[in-house]
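A quick write-up on the structure given underneath.
The values are calculated or read from the model by the stated rules, or taken from the named source; none is laboratory data. If you're wondering where the values come from, they're calculated on a predicted model, not measured in any experiment. Note that each Cβ is placed from the backbone with ideal geometry, even for glycine, and that neighbours are counted across all protein chains shown. The protein model used for the area step is the full one, side chains on, heavy atoms only, and it has no ligands, DNA or RNA in it. Shrake-Rupley method; radii C 1.70, N 1.55, O 1.52, S 1.80 Å.
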Amino acid sequence: MTSSTYASDRDFSPLNLNSFVAFPQIPKNGFIRTCTFVTNNLINETSQMSEIMNDKINTVWINVKSVIMNRSIVIGNFYREWTSKGQGRNLIQDQLDDLEELENQIGKCINFDDLIIGGDWNVDLERFKNDKETYERKTIAENLLGIAQSNGLKHVEYGITHLGRFNQRDSALDFFLAKNSDKILAKNNLDEMV
């Protein structure tokens with residue numbers, strides 16, 4: 001953690017919430033858009049990778065060490081911001097710049113054997129696969145899939161995660177990109193379990 005990146009260590013320390021510890025992102029434009037929650041019984045083996053994070057994009061990076069397996073798992077949490085305080089942030093170049101910064105951060109973690117990046121991507125890769133030519137976020141989807149492919153990451157699907165209202169379609173905006181997707185033993189979409 002450097003003083004040039006953070007105002008103070010105290011401002012960005014993990015938050016204790018009952019049986020979880022929350023690792024917030026570095027505030028961007030005064031807002032925190034995403035946190036990563038870790039159960040308290042893993043906290044001694046979990047550390048925030050602050051040297052990777054910055055206030056350019058909404059990410060949280062943590063390293064979870066498995067004592068049993070003697071391995072480290074790096075988990076990235078990303079929120080693809082498409083609006084700022086209700087005012088459109090839809091310029092394609094802004095979106096591509098954010099994805100370029102995400103790829104820079106991924107590059108700092110790619111040497112770990114186990115790497116998982118998830119979050120609210122605000123892009124539906126399932127719809128893109130089906131409607132490639134007419135998908136309104138085609139450029140973003142192509143760029144995101146290019147980043148995944150060039151870094152050896154696989155798209156882990158969870159199905160519908162956003163229920164559309166009124167004239168919106170249901171969509172799969174939340175998913176993971178994983179370096180070793182064959183090691184994922186189970187996955188659940190909590191909306192389907194409720």
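Worth pointing out:
- Candidates in the stretch 98-130 are the residues that are part of a helix (DSSP H, G or I) and of a type in the set (Lys, Arg); of these, the one that is surrounded by the fewest Cβ atoms within 10 Å (Cβ to Cβ) is Lys129.
- Taking the criterion of being surrounded by fewer than 16 Cβ atoms within 10 Å (Cβ to Cβ) and either in a helix (DSSP H, G or I) or at pLDDT 85 or above (or both), the residues of the stretch 144-162 that qualify are Gly146, Gln149, Ser150, Gly152, Lys154.
- Among the residues examined, Gln168 does not qualify as open to solvent by 30 Å² or more (accessible area, probe 1.4 Å), at pLDDT below 90 and either in a helix (DSSP H, G or I) or of a type in the set (Gly, Ala, Ser) (or both).
- Residue match in the stretch 136-143 (condition: among the hydroxyl-bearing types (Ser, Thr, Tyr) and not in a helix (DSSP H, G or I)): no
- Residues that are among the hydroxyl-bearing types (Ser, Thr, Tyr) and modelled with pLDDT under 85 within the stretch 73-108 comprise Thr83, Ser84, listed in sequence order.
- Summed over the stretch 36-59, the residues that are open to solvent by 10 Å² or more (accessible area, probe 1.4 Å), among the β-branched types (Val, Ile, Thr) and either more than 16 Å from Ile73 (Cβ to Cβ) or free of Cβ contacts under 8 Å to residues at least 12 places away in the same chain (or both) give a count of 0.
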